Amino acid sequence: MTIKTELQVSLDERSYPIYIGSGLLGDAALYRPFIAGKRVMIVSNDTVAPLYLALLESALSDYEVSSVILPDGEQFKTLDTVNRIFDDLLKGRFDRQSTLIALGGGVVGDMTGFAAACYQRGIAFIQVPTTLLSQVDSSVGGKTGVNHPLGKNMIGAFYQPRSVVADTRTLSTLDDRQLSAGLAEIIKYGLINDIEFLQWLENNMPALVARDEEALAWAIERSCKDKADIVAQDEKESGVRALLNLGHTFGHAIEAGAGYGVWLHGEAVGAGMLMAAEFSQQLGMLTSADVERVQVLIDAAGLPIQPPAFTAEAYLDLMSVDKKAINGRIRLVLLKALGDAQVVADYPYEQLQNYLQKFS
Ligand code: NAD
Ligand code: GLY
């Protein structure tokens, strides 16, 4: 079987490979070196399991394999759902030499990673991402966790997988809305620090939306490379990794405010990046032509560009529950220029209030 690309996340003894290619899911050789012991539990959901669980199980025929199938949806990304994984691990007497494999999108991946981080204080896990968003972002970098009714991803741990196996063939069953959600995170890499990639995206967005295989494979590879570089510099987000949250403070407010699952995470990030660009313009950092470029690209990716009509107070309240906030101050990732993001804390608060008023 051909591996199209192998990238590396360089984190000393916790370094790991990312395999990207078509038809990788059933390739036993990609899993074997990263499985601890004989027992494997695959965590998936009731949408992905009927499509891909059997193929993954067949690749793992040398192991004692069980599976736990979770309900599908962002609204189930909770401690209660993670507890179902713990229930099955404990009932099955899984020991510390066991391995979890996350088969699904970012919701399954984040919860499986968190379960792996906590179970007996840490067991091995492998990411097998099956959405575009999870192949370009959530499966890489070791952020794991769950939502809380008061804030998105507020409970979690940094815990790296042993490897990532991204089979681009699985994207054939993904619907267009989910594909667009993944494109939002791809655009993010261009906007924060990769102007060359941003220009490539501007030229190739129609091909990506039309699912051109070569274009998609290239975009996934470039995104994973950009992310791996940032994670290698700043695993636990004490500096540059915060830039990966462009659009997320606005976006998480949209997701939580609308009710988890109403706006897809990628959709909220897309609208949030446009809000970040507009606010950057208000602070004199971007030109209106820059903002126009951001809007055109997000629109071309099939993403919504009109944020929901919450009051400024509601936005601010939701945005204040953010992991970047320090001493109650909302810190924002803004754009100094396209391809050049920075964390900004010293903007005039009233200006943010005024900006948000236009959505109510
Ligand atoms: P998701 O996991 O909800 O998947 C989207 C939908 O697609 C689900 O209904 C899923 O069952 C379905 N699906 C998955 N693979 C499929 C396939 N191949 N064919 C058909 N349907 C398929 O959403 P997502 O966009 O993958 O991930 C979003 C989540 O990721 C959010 O919770 C977000 O917070 C998290 N996230 C985490 C990180 C991180 O660094 N850990 C980064 C970005 C996003
Ligand atoms: N998606 C943001 C990060 O991984 O840091």
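Just so you know, all these numbers are worked out from the coordinates, no wet-lab data involved. It should be emphasised that the depicted structure is a prediction, and the values quoted were computed from it without experimental measurement. In this analysis, Cβ positions are derived from the backbone assuming ideal geometry, glycine residues included, and neighbour counts consider all displayed protein chains.
Failed condition for Val294, given (1) under 16 Å from Ser320 (Cα atoms); (2) more than 16 Å from ligand 2 (Cβ to nearest atom), with all others met?
(1)
Please count how many residues of region 247-277 are under 21 Å from Phe158 (Cβ atoms) and either under 12 Å from the mean Cα position of the chain (by Cα) or of a type in the set (Phe, Trp, Tyr) (or both).
Residues in region 247-277 being under 21 Å from Phe158 (Cβ atoms) and either under 12 Å from the mean Cα position of the chain (by Cα) or of a type in the set (Phe, Trp, Tyr) (or both): 3 in total.
Considering region 30-75 alone, what residues qualify as being of a type in the set (Lys, Arg) and in a loop (DSSP other than H, G, I, E, B)? Show your work before the answer.
Initially, region 30-75 is screened for residues of a type in the set (Lys, Arg), giving 32, 38-39.
Matches in region 30-75: Lys38 only.
Filter region 158-185 down to the residues that are more than 30 Å from Pro206 (Cβ to Cβ), within 11 Å of ligand 1 (Cβ to nearest atom) and outside any loop (DSSP other than H, G, I, E, B) and list them by number.
Across region 158-185, the qualifying residue is only Phe158.
Which of the residues that make up region 62-87 are within 16 Å of ligand 2 (Cβ to nearest atom) and either among the acidic types (Asp, Glu) or surrounded by fewer than 19 Cβ atoms within 10 Å (Cβ to Cβ) (or both)? Working first, answer last.
Residues of region 62-87 that are within 16 Å of ligand 2 (Cβ to nearest atom), as a first pass: 74, 77.
Hit for region 62-87 is Glu74, nothing else.
Which one is farthest from Tyr31 (Cα to Cα) among residues in region 90-99 that are surrounded by fewer than 24 Cβ atoms within 10 Å (Cβ to Cβ) and in contact with a strand residue (DSSP E or B) (Cβ under 8 Å, 6 or more places away or on another chain)?
Our first condition is that a residue be surrounded by fewer than 24 Cβ atoms within 10 Å (Cβ to Cβ); within region 90-99, this holds for 90-97.
Now drop any that are not in contact with a strand residue (DSSP E or B) (Cβ under 8 Å, 6 or more places away or on another chain), which leaves 92, 94-95, 97.
Working: Gly92: 22, Phe94: 19, Asp95: 19, Gln97: 15 Å.
By that ranking, first place goes to Gly92.
Please go through region 111-145 and pick out each residue that is more than 7 Å from ligand 1 (Cβ to nearest atom), in contact with a Phe, Trp or Tyr (Cβ under 6 Å, 6 or more places away or on another chain) and in a strand (DSSP E or B).
If the condition is that a residue be more than 7 Å from ligand 1 (Cβ to nearest atom), in contact with a Phe, Trp or Tyr (Cβ under 6 Å, 6 or more places away or on another chain) and in a strand (DSSP E or B), then Ile126, Gly145 are the ones that fit.
Listed here are the residues, each with its yes/no results for (1) within 15 Å of ligand 1 (Cβ to nearest atom); (2) over 17 Å from Ser10 (Cβ atoms); (3) of a type outside the set (Ser, Thr, Tyr).
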site: Leu208; (1), (2), (3): no, yes, yes
site: Arg211; (1), (2), (3): yes, yes, yes
site: Leu216; (1), (2), (3): yes, yes, yes
site: Glu221; (1), (2), (3): no, no, yes
site: Lys227; (1), (2), (3): yes, no, yes
site: Lys236; (1), (2), (3): yes, no, yes
site: Gly239; (1), (2), (3): no, no, yes
site: Asn245; (1), (2), (3): yes, yes, yes
site: Thr249; (1), (2), (3): yes, yes, no
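Is it true that Asn153 is under 17 Å from Asp72 (Cβ atoms), within 16 Å of ligand 2 (Cβ to nearest atom) and in a strand (DSSP E or B)?
On the way: under 17 Å from Asp72 (Cβ atoms): no; within 16 Å of ligand 2 (Cβ to nearest atom): yes; in a strand (DSSP E or B): yes.
When the stated conditions are applied, Asn153 does not pass them.
Within region 252-275, can you find the residues that are buried (at least 17 other Cβ atoms within 10 Å of the Cβ) and either of a type in the set (A, V, I, L, M) or at positive phi (or both)? Talk me through it step by step, then tell me what you get.
Residues of region 252-275 buried (at least 17 other Cβ atoms within 10 Å of the Cβ): 252-257, 260, 263-275.
Of everything in region 252-275, those that are buried (at least 17 other Cβ atoms within 10 Å of the Cβ) and either of a type in the set (A, V, I, L, M) or at positive phi (or both) turn out to be Ala253, Ile254, Ala256, Leu264, Ala268, Val269, Ala271, Met273, Leu274, Met275.
Just need a number here: residues in region 232-251 that are surrounded by fewer than 24 Cβ atoms within 10 Å (Cβ to Cβ) and among the β-branched types (Val, Ile, Thr).
Here the count works out to 1.
Name the residue, out of Lys152, Lys188, that is under 19 Å from Val333 (Cβ atoms), touching a residue at least 60 places away in the same chain (Cβ under 8 Å), more than 9 Å from ligand 1 (Cβ to nearest atom) and surrounded by 24 or more Cβ atoms within 10 Å (Cβ to Cβ).
Details: Lys152 fails: more than 9 Å from ligand 1 (Cβ to nearest atom).
The match here is Lys188.
I'm trying to understand the selection: among the residues of region 276-289, which are over 14 Å from Ala341 (Cα atoms) and either crowded, with 24+ Cβ neighbours inside 10 Å or β-branched (Val, Ile, Thr) (or both)?
Selection gives Thr287 alone.
Within region 165-208, can you find the residues that are under 22 Å from Leu30 (Cβ atoms) and within 13 Å of ligand 2 (Cβ to nearest atom)?
In the first step, residues of region 165-208 are kept if they are under 22 Å from Leu30 (Cβ atoms); the result is 165-174, 182.
Of everything in region 165-208, just one residue is under 22 Å from Leu30 (Cβ atoms) and within 13 Å of ligand 2 (Cβ to nearest atom), namely Gly182.
Could you tell me which of the residues Leu332, Leu303 is of a type in the set (A, V, I, L, M, F, W, C) and either under 25 Å from His148 (Cα atoms) or surrounded by fewer than 23 Cβ atoms within 10 Å (Cβ to Cβ) (or both)? Break it down stepwise before answering.
Values: Leu303 fails: either under 25 Å from His148 (Cα atoms) or surrounded by fewer than 23 Cβ atoms within 10 Å (Cβ to Cβ) (or both).
Criteria check complete, one pass: Leu332.
Which residues, counting only those in region 286-330, are free of Cβ contacts under 8 Å to residues at least 60 places away in the same chain, in a loop (DSSP other than H, G, I, E, B) and either under 16 Å from Leu246 (Cα atoms) or in contact with a Phe, Trp or Tyr (Cβ under 6 Å, 6 or more places away or on another chain) (or both)?
Leu286, Ile305, Pro307, Ala309, Ser320, Ala325
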